[in-house]
Each structure stands twice: as structure tokens, then as C-alpha cells.
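Below: one structure, written as C-alpha cells.
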Amino acid sequence: MPAVKFTLNGKAQTVDSVPAMPLLWVLRDTLGMEGTKYGCGMSLCGACTVHIDGQPVRSCVTPISTVAGKAVTTIEGLSADRSHPCQLAWMEEDVPQCGYCQSGQIMTAAALIAKTSTPTDADIDEAMRNNICRCGTYDGIRRAIHRAAELKRMGGAR
Amino acid sequence: MNTQMNRRGFLRTSTATAGGLLVGFYLPGTSLLAADTAGAASKLNAFVHVGADDLVTLFIHKAEMGQGTVTSLSMLLAEELECSWKNIRTEFPGVSREYGPSQGVVGSGSIRSSWESLRRAGASAREMLVEAAARKWGVDKSSCRAENNTVVNTATNARLSYGSLAEAASKLPVPANVTLKDPQQFRLVGKATKRLDTPSKVDGSAAFGIDVRLPGMLYAVIERCPVFGGKVAGFDATKSKAVPGVKSVLQVPSGVAVVADNTWSAMQGRRVLQVKWDEGPVAAENTLAITRRFAEATRKPGAVGRKEGDAAAALASAARKIEAVYETPYLAHAPMEPLNCTAHVRADSCEVWASTQGQTAARNEAARITGLKPEAVQVYTKYMGGGFGRRARADYIGEAVEVSKAAGAPVKLTWSREDDMQQDWYRPASFSRFAAGLDADGWPVAWTTTIACAPFGGLRDGLARTGVEGVADMAYAIPNILVDYHAEDPGIPVSYWRSVGYSQNTFFTESFLDELAAAGGKDPVELRRRLLAKSPRLLAALELAAGKAGWGKPLPAGHGLGVALSNNIGSNTVQIAEVSVAHGKVRVHRVVCAVDCGHVVNPWGVEQQIQSGIAFGLTAALKGGITIDKGRVQQANFHQYDMLRIDEMPKVEVHIVPSQASPGGIGEASTPGIAPAVCNAIFAATGKRVRRLPIRAEDLA
């Protein structure tokens, strides 16, 4: 099995894996990083969202071979201490219920506020509509994204 | 906040904490109380542990699937314990009789079953700490008071921390009687409180069942017959075994398991597995045939679910007769965390790690399969990524136990999303035939409903409560009512789905009542007001919702308001939806929800659950259904069984009716009413009456 080298949450990482194995299962089963969730396996729900070179990507359909040389950020690497504006806002608004989809929601939202400093409700709809929350925490997610963008603009957090 | 609980881990932390107070309680039905030092392994099952480090550990004997139980039960304990909210941590204990005969979270019952017992547990622990302080100071207990993790000597103002008192307190007898606070004195209960589990759910550290990882653990998936009830006739695993990472392929009662050193390899091995099935009789079923069969059944009288007066005679003599048929489909639960369970079967013991709504049922299932005594089975409760009733079934627990037993290793079994959708225990499809009579003034005088639906949860004299609840127990005072039921079972597995029978029957009842309002020339709120004259709590919620929603006031062009109410799980809920329809698509703009759920523990939790229940019910109203062809489910993943999205979520306004009544449930309170509120609003906006779910474009044209 070929070795794949990439950067994971800022650190060099090498894994030996079948090239077709999705990043999701490499993270969860090979590396024991279980914050990234399996929800559908078909890029339909967004629970497995991570960043690759800053872009939100569905890790359940991303073969590990395509990650070689790239920088992957997971929920565990978003901040060391829940200090990312999205995490702060998510706690302020007390968004999660069951919580299972929230890693993916937060990663998608973090990518949104990284490129859009003041997202409108329409921007939020556009960015977030492919992330399913079965508990229906959508109102909280929307409020938290507005708040996270505000925190980021204030520069009070990374 | 919530660390992974395992017995060894707990023993370590407990014994590391010198001494400590551990108070155990038998819940209603038993009467024994028990207390001992934390180090005693036999006394691990309890609600309160106070460490020498001043940290208070609350044992949450229920489970968390998002409904907020960890937080609300902690509030009940902490209220009487007088501990500092910042000093608490929570853990899920194992299964024990101390926690009642059947541990689990079903029927929105956690608060209702814990409201008094957990406050008693907190109060009793507090009294022991106060007694310990009094003895230390050599004063009478009456001059001591508990406050913010300390006991205060009211004569001297001296303070002793809970941590410094814990060991002495643990040696005291458990008080036989404790006085609970007057609700006026509550400082936590009734205050909107943030969830204790949120921090762990924003950094990926919350441990769900699917996140369990054990040394030497193998990963399994199971290929099951696509037709319900089908059996393995034979299989060829040659190709599966050639997939890198696949360790073994094993026949188990529910199908054929592929066991590998990671989940992906197991899934790949399953993909090339060749299984020959004996599909059985359900292979002949399809949705059209099932609907026809149900419709035909409702033409004849069934088992009586409610009888008031003489409905047939009243119908015959009514000034006007209204008739309609309604139908709803099978529905999957689709929790975001696919089903999974990790089991480790050994010769003399079995450990089970599971996100489950039924810990006792999980333990019993593992005991049944292994032949071990229930006491030899340890169940570790993990966070659930949604449950909605699905995780009250222990089928997936049993499967993991079977595979671990056969593989001779710890095994994590994961269901794919396709498994989840195609092998569920579904909300049953239902068909109902309504007739009603109006008097000359347009008021209802007779009401009949005949329902055909697959039974579950017990069948008595031909009647399943789960098939008729929401119609048979409606609060409307109509003098002549007949509700009857046909148990028609096409062999598709059915079970509890958030709000159970109310999930379809409230849609039927509230929609048909709206038809009567229209036929009789009555305003829908006015008709309900009149029929609820003897239901003061529902009536108050109706008035609150109507007032807040601006019922009767002008709306934007093309908009309509619809009202629906439900009284399930001991709570009274009234919803008013504002809807518009354009190009065959329904837009739900706003939902005003008034709820009387008795004494509220956490108003924020109530608001979250009302939002959640509405999203869940709205998904069923606007999105897909499960359909059957050749005995198979035709939907496999979210592209075929869609969920409500962020841009479809209405603005929800929650208004709580203040109440000192016993608490009701909340997790299922708002699911039943949203579909009829929306459909009644569609009627108000367009004049189109929707009589089947999900709402289809052709029903709006």
C-alpha cells in the first residue's frame, strides 16, 4: 500500500492506505480522529466536512490518494481551545442538540466566514443548505454564523 | 464535560478521590436507599458523587440524543444539592435496578419520571453534607445551611466546602425523609440554562457510539436481505475475502457480516459479497397494493377505539354530512448518526458500547444472545447522534453481539446510511376514513373515523393504541364519536417514531376538523374554542397562540394561517403556521407555538425541542416518504429521502404557558401539530385541501 503524505492540522502526516479509501475513514479508523462524522457516504449530508487547502470538502468521497501534498484541517484542528469564532459563537448561541452534524456544520461555516466577512442570510442559505441537521438547529446555526462573523470582524478571536 | 465512562475508569477516578459521598436511590416502585463510599465497587450506581476535590459528579441514568436530558436532569439534582453549577460534571452510569426496571429514553418521559426522584436524590445528599458539617462544628443541623458547594454555619458564618465534607458525609446514614424546596425557592429549575454538552459538541470531542475505539477492535458491516423477513439461502465470500483489510465473512441471524480492520474495507468487502436470498412472502408487497388494502379495510367496521353517543344515528339525522379520506406513508427515522454498536463478548462477560435509547433492553438482548446473566453484561451509554425512537430497538445491539461472539474479538458494527433507510422499523403507513355530521347551524354533532394501520406496541381486542392515538383521545367535545381500527400488517417492520401515532393521526384529526369549520362556515379558531370549552389548558394555549400569531389580522397577499393542536406526552401544544404557495412549492414563513408542558425545568430546552419537533414534522410534511416495491424500500440515501434544509426552516416563536402543574414531556410535543397547521394554512391561502403526506405539487394545483 502506497504511503500518502499530507499536512493534518498543521503537522506532517503519513499514512499507508489503499489509494481509494476516503479521507473520512483514514481520519476515523486509521488515525483515530473521530470528530469528523460519517453520515451518508455520498456527499449528501455534510457531516464529514473538513477543509482541504482552506476549502470545505466532503471527506466521505475524497480518496486519500488525492490528498497527497495538501493541507487538511479537521474540527480538532480548527483551534486548540474552542477559540475559533465559529466555536465561540456556537457556544454562545448554544446551537447543538444531538451534536452529530455540528462538526460538519462548523467546518462549513468556518469556510464561509473566512471568505465572506459579513454573510447575509442568503449567503448562509447558499453555503449551508447541503449540511443536514436532523434535530433542526438551523435557527441557531444561522444566528451563530452571524455572531461568528461579527467576532471575526472584531478581531477578538483568531 | 462528559468523559467516556467505563467501569475501570470510574474506579480509578473514584478511588483516586479520597473518600467521597455517593448516594444511591431506588426509584418509585422500590423503596430501598443506599449510600456508601465511592470506592466500593458495589455501590457505583447512584446519582451524586462529591469528590474531595470539590467536584460534583452527577450520574445521568437516562441517555442523551439531543433532547437535553443531561442538562435538565442535572438541574433537578443540583437544585436541591445546592452545588455550584460550575463544579459539576456528568457521567452515564451502567444499567442497574437502582435506576428503575427499564432504563431508557422513550415517550418523552425523562423529566416526568425524574422530577421528584432526582430532586430527592439531590436533597438527600445535601442533608448528609449539612449533617457532616454540623458534627464537625459540634452544632445543631438547624444552624447550618447549604449554599454554593459549601455548608455555612449561620451563627459564625464559617464555611466548609463540600469536598472537605464528602468523606465524613459518606459514612452517615441516608436520611429517611427530606423536604423538597417550595418551587418559589428554585434558583435553577425554571431558568433558561445552557446545555452542559455543548462545549464537547463544538470541538469534536463528544463521544458518540460510532466513535468507540478499543484495542484490537475489528470493524463490521452486515448484508441483510433487501426484502423484510428474508433469509440467507447461501453465500459466496471469495471476492470479499480478497479485499485488502477483510478478515472474515460470517453468517449471523440477520444476514452475512463482513469483518475487517477498518470500516471502509468492510464496506468494500460487502460490495462484492454474493448472497442468495430466500426472500419470503413480503416480496410480493408494494405501496399501491398496501394502500388499496388499507382503503378497502376501512370500508368495514373495526375494533372500537372510542365510542360516545350514537354516531351512526347522529350522522343519519345531521343537517349536513362531510366525508374525506386521508393517508400517510411509511417514514424512516434517519438519525444523523447511522446505527452502530461495539461489543466485546468473552466467555464469562460481555461489554456493549452503544448510543441507545434503551440501556436495559440492550443489556437483555446481549444476555439473551450470549446466554450470560444480565449482570455479566456491561452497557456503556454513549451520546446518540439522534434517536427519534429508532434507538429504542435493540436489533443493532444484538447484531454487534452476534458478530463479536462469532469473530472472537471486540467488534464495532456500523450500519451504512442505506442500511439505516432500508432496514428500519418504520413509522407505519396509515389510511383513515372520516365522516362527520353538522347541525343546521354548522356545528359538528357526529364524528366517525375508521383507521387501517399496522399495529405495534401491543394489540388488545384488535386495537393498537399506537394506531388510534391522536384521534380516539381528541379533546374536542362532540356528542357522538366513533373511532375504530383495523390492524392490517403487510409485514413491513414498524415501530416508535417521534410522537408515534400522533405523528399521523393529529394530521388527520386537525385537518378534518378544519374541513368541518370550512363546511360549517366557522372560523377554525372559533370552532376549536367552542369544542374545547371543557379543556382549559388547551384552550389557554389556543388563545395564547392565536393572540401571538395575530389570528384574524390581515396578511400579505397569498399568505394563509393554519392552526392545529395536540395533546400528547402530557403536554398541550398549539401551533399556527403562516404559509404561502408558489409554483407548486410550499413556503412556511413562520410558526407560532404555544405550549403548556406543566412545570418547566429548562425553558431553553423547551424552546430547542419545540424547534426540533417542528423541523422533524415539517420534514415529514414537505419531503419524502418511504415506498415499497417487491417488498423492498425504494429509498436508499438522502437524495431519495430528503431532509428539511436551513433555507426551509421557518421562523419559530415559542410561547410557554406558565404552569405549576406536574411536568409534561417536550421532545415529541411539537411534531404532530406542524403538518396539519401547514396544510390548514395552505387551505386558507389557496383553497386546496391536502389529504395525504408528503404534500405533493399535484395536490396544490
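In this structure, the amide hydrogen of B:Val48, modeled 1.01 Å from its nitrogen in the peptide plane, lies closer than 5 angstrom to those of B:Val23, B:Phe59, counting only residues at least 5 positions away or on a different chain. For B:Gly408, the shell of other residues with beta-carbons less than 13 Å away shows a net charge of +2, using +1 for Lys and Arg and -1 for Asp and Glu. Within straight-line reach of B:Lys181, meaning a Cα separation under 20 Å, sit the following aspartates and glutamates at least 8 residues removed in sequence or on another chain: B:Glu79, B:Glu80, B:Glu82, B:Glu116, B:Glu127, B:Glu131, B:Glu147. Quick check: net charge around B:Asn505, other residues with Cβ under 10 Å of its Cβ, Lys/Arg +1 and Asp/Glu -1? Surrounding charge for B:Asn505 is -3.
By its C-alpha gyration tensor, with a ≥ b ≥ c as the square roots of the eigenvalues, how is region B:514-563 shaped: rounded for a/c under 1.5, else prolate for a/b larger than b/c, else oblate?
Oblate, since a/c reaches 1.5 and b/c is not below a/b.
Estimated purely from DSSP H runs of n ≥ 4, each contributing -39500 (n - 2.57), the mean residue ellipticity at 222 nm for chain A is -9500 deg cm²/dmol once divided by its residues. Counting only other chain Cβ atoms within 10 Å of each residue's Cβ, the peptide B:244-251 averages 1. Peptide A:137-148 shows a mean partner chain C-beta count of 3 within 10 Å per residue C-beta.
In peptide B:204-213, what is the residue-averaged number of other protein chain Cβ atoms found within 10 Å of each Cβ?
Mean shielding by partner chains, rounded to a whole number: 5.
Counting Cα-Cα pairs of chain B in 10 Å increments starting at 0 gives whole-percent bin shares of 3, 14, 22, 23, 19, 12, 6, 1, 0. Counting only residues at least eight positions apart within a chain, or on another chain, the lysines with an alpha carbon under 30 Å from that of B:Lys522 are B:Lys307, B:Lys321, B:Lys534, B:Lys548, B:Lys553, B:Lys585, B:Lys651, B:Lys688.
If you plug the beta carbon distance of B:Arg320 and B:Gln640 into 1/(1 + (r/R0)^6) with R0 = 45 Å, you get a FRET efficiency near 0.60.
In a shell of Cβ-Cβ distance under 15 Å around B:Ile646, excluding B:Ile646 itself, what net charge do Lys and Arg (+1) and Asp and Glu (-1) give?
Once all neighbours under 15 Å are counted, the net charge is -1.
Report summary: the helix-based calculation at 222 nm, which adds -39500 (n - 2.57) for every DSSP H run with n ≥ 4 and divides by the residues of chain B, gives -9000 deg cm²/dmol.
Between B:Asp523 and B:Ser349, the modelled label-to-label distance comes to 6.8 nm, taking each label 7 Å out from Cα in the direction of the beta carbon. Set the Förster radius R0 to 45 Å, insert the Cβ-Cβ distance between B:Arg590 and A:Ala3 as r into 1/(1 + (r/R0)^6), and round the FRET efficiency to 0.05. For B:Arg590 and A:Ala3, the calculated efficiency is 0.25.
Quick note: the coordinates plus some simple rules give every number you see, no bench work behind them. Values in this document were obtained by computation on a predicted structure and should not be read as measured data. Every residue, glycine among them, receives a Cβ derived from its backbone with ideal geometry; neighbour counts consider all protein chains shown.
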